[in-house]
Amino acid sequence: MIIRGDQTDIRVEDGLIVAVGPQLSGAGDEIDARGLTVLPGAIDVHVHFNEPGRTDWEGAATGSRALAAGGGTTFFDMPLNSSPCTVGPREFAEKRAALERASITDFGLWGGIVPGNRAAMADLAECGVVGFKAFMADSGLPEFPRADDLTLYEGMQEAARLGLPVAVHAESNELVSGLARRAVAEGRTSVRDYLDSRPVVAEVEAIRRALLLAEETGAKLHIVHVSSGRGVAAALEGKRRGVDVTIETCAHYLYFGEDDMIRLGAVAKCAPPLRDAAERKALWRAVTRGDLDIVASDHSPAPPEMKRDADFFKIWGGVAGVQSTLAVLLEIAALERVTALVAANPAARFGLAHKGRIEVGCDADLTFVDLNAEYTVSRESLFQRHGFSPYLGATFRGVVRRTMVRGRTVFLDGRIVAEGGGRLIHAESRIHA
Ligand SMILES: [Zn+2]
């Protein structure tokens, strides 16, 4: 198969890119991509598809369709809110089987670090987890308790021994839980009260503590959903003194601010919360400068009935934006930066030797984008289970026309054209050096 571009063609055989160059010759099918920009498929390192066990919240069938419609070809599913959570090899096997049945894109799985599961980490590594996720603040799910400092310290020691990264949700539990308890006790339960209960300093303090533990143990650290410029600055300090750390933010921290959370309400509730204009501007600067390594979606939907309550603290948090990450980034950054943030950097950090780049020998995971067209997000355009998204009504430049996973077209001109077919990323292709 040959993909004909304006200047460059790509030849694909058996799902792999075998040649890249101008005017390639050869027999086989041809796909006309002239007028379109072909990018490496996006790798979303942070989603909650909640399968098995909570497919009424999302599920890998609908989640992977939304990912593909937004130009994504691989996702990493978090160890929660599936039921069971991915904290041991049996849970891993159950999730892997469910996702291989349901997903139209490839995927990797995170394992969890929770109090008491350290002995299972080596088994999870053997299963092929991409890394281990720990919550420094309450996760909201009783079966996935937060990692206290001792759990995190010893979890990092083990992860370092196994050569796998540790991802942390970095917010100080002391600060955010204490402030939340007090606000609720005093009957202050508005959106504004929620925002005030999770200040930037709670993020900065937790990032510094995680960096210290990573430095001490030699663990690779990945800080998920950094929401503030000061959070990025704290992580960069660690990077400068030699900590092996990568910094992730999510599209919603770039696209929305705290005013939007007040305006939109439940659909925009997330933790850490959306931030003020100055912090948001600092995040944009970090994107354009290259201080940020990865942008993910942290797609985390819930059924509509969990998104309604007069008490904002009781509303289930999580933004459903898996389909919009690439669109948001195309608004903000140059193409090369965008592909680094969503494809090349994730592949490099998590050792996916055959993904994230358009190069000979790589999987033909490709996204065809029309940069001259624009579209407005509507309920009908979303492929996720519930049509809830803070992006409804937003207009973006750059329309995904086709998404290809290992040479197989899964999304074409607004329609999903595949059933299943997703694979766990090859454990043998991961480099843990
Ligand atoms: Zn998350």
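The values are calculated or read from the model by the stated rules, or taken from the named source; none is laboratory data. Values in this document were obtained by computation on a predicted structure and should not be read as measured data. Here Cβ is always computed from backbone atoms with ideal geometry, including for glycine, and neighbour counts include all displayed protein chains. We work out accessible area using only protein heavy atoms, side chains counted, and drop any ligands, DNA or RNA first. Shrake-Rupley method; radii C 1.70, N 1.55, O 1.52, S 1.80 Å.
So here's what we get for this one:
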item: GluC sites (Glu not before Pro) within the stretch 318-403, DSSP loop, no more than 13 other Cβ atoms inside 10 Å; result: GLU359
item: Amide proton proximity set for VAL410, modelled H, under 5 Å, gap of 5+; result: THR403, MET404, VAL405
item: Within-15-Å neighbourhood charge of VAL191 [Cβ basis; K, R +1; D, E -1]; result: +1
item: Residues of the stretch 113-158: accessible area per residue with a 1.4 Å probe, Å²; result: 38 Å²
item: Cleavage-rule hits (trypsin sites (Lys or Arg not before Pro)) in the stretch 1-76: DSSP loop, at most 16 neighbouring Cβ within 10 angstrom; result: ARG34
item: Span from the the stretch 131-184 Cα centroid across to the the stretch 81-126 one, whole angstrom; result: 18 Å
item: The stretch 47-112, accessible area per residue, ligands and nucleic acids excluded (1.4 Å, Å²); result: 22 Å²
item: Amide H within-cut-off set for LEU24, under 5 Å, with H built and near neighbours excluded; result: ASP9
item: Links that overshoot a 18 Å alpha carbon limit, given the list LYS95/LYS355; LYS133/LYS220; LYS269/LYS314; result: LYS95/LYS355
item: Diffusion constant of the stretch 152-207 at 37 °C, which comes from Stokes-Einstein with the Kirkwood Cα-pair radius and 0.692 mPa s, µm²/s; result: 254 µm²/s
item: Restricting the stretch 129-203 to GluC sites (Glu not before Pro) in coil, as DSSP defines it, with at most 16 other Cβ within 10 Å; result: GLU143, GLU186
item: Environment charge at LEU371 (Cβ cut-off 12 Å; Lys +1, Arg +1, Asp -1, Glu -1); result: -2
item: Translational D in µm²/s for the chain (Stokes-Einstein at 10 °C, 1.306 mPa s, Kirkwood Rh from C-alpha pairs); result: 74 µm²/s
item: Accessible carbon and sulfur surface of the stretch 262-414 relative to its total accessible area, %, 1.4 Å; result: 49 percent
item: LEU221 long-range amide H proximity, modeled H, under 5 Å; result: VAL166, ASP244, VAL245, THR246
item: Whole-Hz couplings from phi, Karplus 6.51/-1.76/1.60, listed for the stretch 363-368; x for Gly and Pro; result: 4, 7, 9, 9, 10, 9
item: Cα centroid separation - the stretch 326-368 against the stretch 1-21, whole Å; result: 17 Å
item: In degrees, nearest ten, helix 60-69 long axis to first principal axis of the chain (Cα); result: 60 degrees
item: Exposure of HIS386 as accessible area (Å², to 10), given a probe of 1.4 Å and all protein chains; result: 40 Å²
item: Under Karplus coefficients 6.51, -1.76 and 1.60, residue-wise ³J(HN,Hα) of the stretch 201-208 in Hz, glycine/proline x; result: 4, 5, 6, 4, 4, 5, 4, 4
item: Of all DSSP beta bridges in the chain, antiparallel share, percent nearest 5; result: 50 percent
item: Whole-number percent relative contact order across the chain, with pairs defined as alpha carbons under 8 Å at least 6 apart; result: 21 percent
item: Cα pair distances exceeding 15 angstrom across the stretch 89-139, given as percent; result: 49 percent
item: Accessible area of the stretch 172-229 divided out per residue, in Å², using a probe of 1.4 angstrom; result: 41 Å²
item: Under the Karplus curve 6.51 cos²θ - 1.76 cosθ + 1.60, θ = phi - 60°, whole-Hz ³J(HN,Hα) for the stretch 324-333, x wherever Gly or Pro sits; result: 10, 4, 4, 4, 4, 5, 5, 6, 9, 10
item: Summed side-chain charge close to THR74 - residues other than THR74 whose Cβ falls under 11 Å, Lys, Arg +1, Asp, Glu -1; result: -2
item: Cα-Cα P(r), the stretch 1-131, percent of pairs per 10 Å interval; result: 12, 34, 24, 18, 10, 1
item: Fully extended contour minus Cα-Cα distance, from ASN372 to ARG182, at 0.36 nm per residue; result: 63.3 nm
item: Length released on extending from ALA93 to THR409, taking residue separation times 0.36 nm less the Cα-Cα span; result: 111.0 nm
